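A quick write-up on the structure given underneath.
The values are calculated or read from the model by the stated rules, or taken from the named source; none is laboratory data. Bear in mind the structure is a predicted one, so any value in this text is a computation, not a measurement. Cβ sites come from the backbone with ideal geometry, for glycine too, and all protein chains shown count toward neighbours. What goes into the accessible areas is simple: the full protein's heavy atoms, side chains included, and nothing from ligands, DNA or RNA. Shrake-Rupley method; radii C 1.70, N 1.55, O 1.52, S 1.80 Å.
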Amino acid sequence: STSPVSPGLMWLQQREGGGSLRHTCEQSDGLSRYGWLMHDGENFGVQEIRDEGLFLKTEFVKRPGGEHGGDWSWRITARMEVRGRSRGAAPDGRTARQPPSSRLSPLLPPQGAGGPAPLLSLFFYVATDEQGTLEPHLENRTRLAAVTGTTEELGRFTLTFLRPTAESGEDPKYASYNYLEAASPGLHRLTEVVRSSLSDRFIFAPPGGPRRRFFAVDAFRGLPGEPPRGRLLLHQVTLEPPATVEVTFESGSAAGRPGRLAGGALSAALSQHAAAFERRFEETFGLGRKGFPPPQRRFAQAALSDLLGGMGYFHGRSLVQSPLQERPVPAPEAALFTAVPSRSFFPRGFLWDEGFHQLLLARWDPALSREVIAHWLDLMNAEGWIPREQILGEEARAKVPPEFLLQRSETANPPTLLLALQQLLPAAPLPYLRRLFPRLRAWYDWYNRTQAGPLPLTFRWRGRDPQLERFLNPKTLASGLDDYPRASHPSPEERHLDLRCWMALASRVLAEVAERLGEPAGPYREMEEALSNNGLLERLHWAPELGAFADYGNHSAAVGLRWQRAAPAAPGQPPPAPRLVREVREAPRPRFVGALGYVSLFPLLLQLLRPDSPRLPAMLAAMRSEQQLWTPFGLRSLARDSPLYMQRNTQHDPPYWRGSIWVNVNYLALRALHGYADTKGPQQERAAELYHELRHNLVANLYRQYAESGFLWEHYSDSTGRGQGCHPFTGWSALVVLVMAEDY
């Protein structure tokens with residue numbers, strides 16, 4: 001995320017050979033646990049980090065005042081945990097994150113049973129990107145005591161680095177101090193700046209203790225090919241844990257403050273905020289009233305807090321390819337305030353993820369949620385298109401493989417923001433809706449114009465993978481369900497069931513917004529009725545041979561991947577490696593796609609099926625069948641008896657939406673079952689039974705995996721329930737909070 005002044009923290013456990021410098025959340029660091037346990041999204045947060053025997057707690061409190069947002073204070077508590085490596089941590093055998101490999105001298109005693117605790121270095125920094133001034137205030141030329149500065153948005157401010165104390169917060173703690181001032185090549189390269197500045201010529205010499213050599217920032221000689229753009233001031237504190245360090249930020253325009261927010265005053269503020277957070281959490285979600293024990297309530301609090309704590313403000317340009325242009329062009333500059341799916345792996349905005357994130361955040365803080373939705377709708381271009389992945393600024397770009405940087409302007413993504421907007425509608429201020437409505441209309445028209453199917457009232461996701469020979473089933477990234485099986489041969493004749501259901505939802509929400517504003521809602525209501533017409537839905541999408549709803553397209557069921565022997569090697573060259581290519585053993589023909597899974601459930605998931613629909617029993621039966629979608633951990637994405645169940649898509653692409661359990665779709669299933677269980681109809685009791693069983697299975701497994709691994713995960717194994725994909729994934733997996741609260 002971006003602001004004119006970026007303060008931050010890095011740390012290094014001083015070990016022989018240097019240890020690993022930690023900064024940005026990286027899954028490859030193998031930390032055994034980290035995440036926000038409490039975060040109110042505005043004024044307060046508590047985060048715990050466990051890193052190879054080191055326990056770090058970071059806490060902050062914001063005190064509003066003045067014209068620039070007020071003051072904030074930050075406390076870092078560090079101690080060593082005797083248990084050694086906690087469960088789930090990866091041994092750190094990598095060299096990529098090592099400082100220069102000069103060996104430590106024998107001044108460092110062996111860190112065995114009797115030796116002192118390893119030294120810990122905390123690096124507090126403040127960096128500017130191009131604008132703003134910073135003025136360092138040094139003591140003894142090595143200790144950065146404070147930084148004063150000015151920027152347009154923050155006005156004048158003072159950042160003070162207080163001296164470390166023992167964990168109690170009272171007694172002073174011996175520490176060595178080092179200072180670095182450098183030209184900053186940009187936030188995305190700060191880790192490299194610090195790593196390349198480290199030298200082990202420094203001695204830690206506490207009175208009466210052993211003298212030890214340690215790595216510290218020394219001199220920075222610049223990074224190749226990076227012109228400086230701003231300034232970096234860095235304060236390194238090296239000490240023997242346990243210890244506490246505090247940092248205060250004081251705004252020049254906040255007058256009449258009762259005193260510095262540090263020490264006892266900070267402890268008191270943290271306690272008050274923690275108690276207020278607990279009260280508000282219970283008032284909002286009622287998990288105590290529902291009988292959840294304290295450990296499960298803390299799990300839910302952490303899920304919400306980590307989603308809030310991962311929110312960021314991004315600024316930059318997307319790289320866009322339009323069918324009207326020969327080569328990609330940068331889009332206009334844009335700003336985005338958004339949550340992210342995963343701090344370690346997907347630290348940027350994703351359109352369809354964000355609708356699910358906002359379902360939860362709209363319950364916690366409706367005003368915050370409205371702001372995020374407005375930001376997303378402001379990203380729309382003149383045609384009404386919103387890029388599905390927001391890679392704004394260099395920090396975001398640095399985390400994306402080059403092949404995913406380009407956003408194609410014919411590619412859609414499910415309009416899940418409308419699910420959240422529907423929830424916010426009853427209490428949304430009319431001026432807000434009035435500003436939103438023209439954008440909603442443009443977005444809706446864009447889908448109807450660009451994603452229309454071959455027949456009236458049918459729809460087709462554009463932008464499926466064109467290289468047929470590479471993929472077992474060409475991906476449909478636009479749908480959000482990337483490798484979920486579609487027609488084997490993409491063609492203009494395809495009819496996509498999930499997109500048709502999303503358009504029915506979009507028509508309903510636009511009609512509701514229009515009605516609240518007194519605008520003509522007729523066309524939206526007519527479209528909603530046409531797309532919800534169960535008879536027409538069946539004619540276009542019911543596959544009798546599958547006994548389920550399905551996509552339609554040019555499809556062959558007889559496809560597989562086989563190894564293709566490479567051509568002979570050129571003289572003097574090694575032979576090229578064989579590769580996996582697709583083999584089609586039976587020509588495709590227009591038909592329904594034989595894949596039973598999440599897509600088949602869409603008429604139920606978005607509650608388009610009438611409660612008395614003759615197709616509802618078959619849908620519920622497929623959900624409950626262990627041969628098909630049911631598991632003890634949640635609903636799997638593709639039936640066990642489906643031809644592509646758990647099949648790789650290419651040599652390098654393991655199955656993704658081909659069997660794993662995904663929390664966002666399980667949430668939609670529970671929401672729908674809850675709706676059918678509350679409505680008179682022949683399946684009312686059956687829906688209620690499935691609802692209770694599925695809710696129990698999903699919550700129990702997510703809690704069990706969190707207790708064992710320390711994280712929420714991207715998806716879960718349908719055979720063991722174990723977390724899979726990236727972690728921490730407190731994006732839509734945090735919807736478990738709404739499931740626990742039974743708030744749909």
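Is there a residue in segment 192-200 that is buried (at least 16 other Cβ atoms within 10 Å of the Cβ), in a loop (DSSP other than H, G, I, E, B) and among the acidic types (Asp, Glu)?
Checked segment 192-200: no residue is buried (at least 16 other Cβ atoms within 10 Å of the Cβ), in a loop (DSSP other than H, G, I, E, B) and among the acidic types (Asp, Glu).
Which ones in segment 32-50 are aliphatic (A, V, I, L, M) and open to solvent by 20 Å² or more (accessible area, probe 1.4 Å)? It would help to see each step written out before you state the result.
Initially, segment 32-50 is screened for residues aliphatic (A, V, I, L, M), giving 37-38, 46, 49.
37, 38, listed by residue number.
This table checks each residue for (1) under 14 Å from the mean Cα position of the chain (by Cα); (2) without any contact (Cβ under 8 Å) to a residue 24 or more places away in the chain.
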| site | (1), (2) |
| --- | --- |
| 325 | no, yes |
| 342 | yes, no |
| 356 | yes, no |
| 360 | yes, no |
| 377 | no, no |
| 383 | no, no |
| 396 | yes, no |
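Please verify whether segment 300-315 includes one or more residues that are under 27 Å from the mean Cα position of the chain (by Cα), of a type outside the set (Asp, Glu) and part of a loop (DSSP other than H, G, I, E, B).
Within segment 300-315, one or more residues are under 27 Å from the mean Cα position of the chain (by Cα), of a type outside the set (Asp, Glu) and part of a loop (DSSP other than H, G, I, E, B).
Report, ordered by the first and then the second residue, all pairs with beta carbons closer than 7 Å, sequence separation of six or more or different chains, a first member in segment 169-182 that is assigned by the TED database to the domain that holds residue 146, and a second member that is outside any loop (DSSP other than H, G, I, E, B) and among the aromatic types (Phe, Trp, Tyr).
Qualifying pairs under 7 Å: 176/202; 176/204; 178/202.
Taking the options 206, 210, name whichever one is within 24 Å of residue 53 (Cβ to Cβ) and either in contact (Cβ under 8 Å) with a residue 60 or more places away in the chain or in a strand (DSSP E or B) (or both). Before you say what the answer is, go through the steps one by one.
Numbers: 206 fails: either in contact (Cβ under 8 Å) with a residue 60 or more places away in the chain or in a strand (DSSP E or B) (or both).
Every option except 210 fails the conditions.
Can you find, within segment 701-717, the residue that is nearest to residue 613 (Cα to Cα) among those that are open to solvent by 20 Å² or more (accessible area, probe 1.4 Å) and in contact (Cβ under 8 Å) with a residue 60 or more places away in the chain?
703
Kindly indicate the residue of segment 540-572 that is closer than 30 Å to residue 609 by Cα and among the polar types (S, T, N, Q) and also most open to solvent (accessible area, probe 1.4 Å) among those meeting that condition.
Only one residue tops the list, namely 554.
Counting just the residues of segment 144-173 that are at pLDDT 95 or above and among the hydrophobic types (A, V, I, L, M, F, W, C), which one comes out surrounded by the most Cβ atoms within 10 Å (Cβ to Cβ)?
144
If a residue has to be open to solvent by less than 10 Å² (accessible area, probe 1.4 Å) and not hydrophobic (A, V, I, L, M, F, W, C) to count, how many in segment 54-63 make the cut?
1
Of all residues in segment 718-729, which are over 11 Å from residue 345 (Cα atoms) and open to solvent by 10 Å² or more (accessible area, probe 1.4 Å)?
718, 719, 720, 722, 723, 724
Residue 293 - would you say it is outside the structural domain of residue 14 (by the TED database) and either touching a residue at least 12 places away in the same chain (Cβ under 8 Å) or more than 30 Å from residue 450 (Cα to Cα) (or both)? Give the derivation first.
Working: outside the structural domain of residue 14 (by the TED database): yes; either touching a residue at least 12 places away in the same chain (Cβ under 8 Å) or more than 30 Å from residue 450 (Cα to Cα) (or both): yes.
When the stated conditions are applied, residue 293 passes them.
Of the residues 88, 114, 18, which is surrounded by fewer than 15 Cβ atoms within 10 Å (Cβ to Cβ) and at pLDDT below 85?
114
Which residue, of 608, 596, is crowded, with 18+ Cβ neighbours inside 10 Å and more than 19 Å from residue 473 (Cα to Cα)?
Going through 608, 596 in turn, just one is crowded, with 18+ Cβ neighbours inside 10 Å and more than 19 Å from residue 473 (Cα to Cα): 608.
Please pick out the residue among 457, 436 that is in a helix (DSSP H, G or I) and more than 24 Å from the chain's Cα centre (by Cα). So that I can check it myself, show each step before the final result.
Working: 457 fails: in a helix (DSSP H, G or I).
Residue meeting the stated conditions: 436.
Inspect all residues belonging to segment 128-135 and state whether any of them is in contact with a strand residue (DSSP E or B) (Cβ under 9 Å, 6 or more places away or on another chain), among the small types (Gly, Ala, Ser) and farther than 24 Å from residue 395 by Cβ.
Scanning segment 128-135, I find no residue that is in contact with a strand residue (DSSP E or B) (Cβ under 9 Å, 6 or more places away or on another chain), among the small types (Gly, Ala, Ser) and farther than 24 Å from residue 395 by Cβ, so the answer is no.
When you check residue 648 against the structure, is it touching a residue at least 12 places away in the same chain (Cβ under 8 Å) and more than 28 Å from residue 420 (Cα to Cα), yes or no?
On the way: touching a residue at least 12 places away in the same chain (Cβ under 8 Å): yes; more than 28 Å from residue 420 (Cα to Cα): yes.
Considered against the rule, which asks whether it is touching a residue at least 12 places away in the same chain (Cβ under 8 Å) and more than 28 Å from residue 420 (Cα to Cα), residue 648 comes out as yes.
Do the conditions hold for residue 221, that is, is it in contact with a helix residue (DSSP H, G or I) (Cβ under 8 Å, 6 or more places away or on another chain), in the same structural domain as residue 139 (by the TED database) and either loosely packed, with under 14 Cβ neighbours inside 10 Å or hydrophobic (A, V, I, L, M, F, W, C) (or both)?
On the way: in contact with a helix residue (DSSP H, G or I) (Cβ under 8 Å, 6 or more places away or on another chain): yes; in the same structural domain as residue 139 (by the TED database): yes; either loosely packed, with under 14 Cβ neighbours inside 10 Å or hydrophobic (A, V, I, L, M, F, W, C) (or both): yes.
Judged against the criteria, residue 221 is a match.
If the requirement is being of a type in the set (Ser, Thr, Tyr) and either at pLDDT below 50 or outside the structural domain of residue 173 (by the TED database) (or both), which of these qualifies: 101, 121?
Unique residue meeting the criteria: 101.
Any chance you could count how many residues in segment 172-212 are within 17 Å of residue 122 (Cβ to Cβ), out of contact with any Ser or Thr (no Cβ under 8 Å at 6 or more places or on another chain) and of a type in the set (Ser, Thr, Tyr)?
Counting residues in segment 172-212 that are within 17 Å of residue 122 (Cβ to Cβ), out of contact with any Ser or Thr (no Cβ under 8 Å at 6 or more places or on another chain) and of a type in the set (Ser, Thr, Tyr) gives 2.
Determine whether residue 75 is modelled with pLDDT of 95 or more and either surrounded by 16 or more Cβ atoms within 10 Å (Cβ to Cβ) or not in a strand (DSSP E or B) (or both).
yes
Scan segment 670-696 for residues that are part of a helix (DSSP H, G or I), touching a helix residue (DSSP H, G or I) at 6+ places or on another chain (Cβ under 7 Å) and farther than 14 Å from residue 631 by Cα and jot them down.
Hits for segment 670-696 are 670, 672, 673, 674, 676, 677, 684, 686, 687, 688.
For segment 174-191, give me each residue that is at pLDDT 95 or above and in a loop (DSSP other than H, G, I, E, B).
174, 175 - these are the residues of segment 174-191 that are at pLDDT 95 or above and in a loop (DSSP other than H, G, I, E, B).
Scan 418, 425 and give me the residue that is assigned to a helix (DSSP H, G or I), touching a residue at least 40 places away in the same chain (Cβ under 8 Å), open to solvent by less than 20 Å² (accessible area, probe 1.4 Å) and within 14 Å of residue 376 (Cα to Cα). Spell out the reasoning first.
Details: 425 fails: within 14 Å of residue 376 (Cα to Cα).
Answer to the check: 418.
Among residues belonging to segment 324-343 that are outside any loop (DSSP other than H, G, I, E, B) and among the small types (Gly, Ala, Ser), point out the one that is surrounded by the most Cβ atoms within 10 Å (Cβ to Cβ).
Only one residue tops the list, namely 342.
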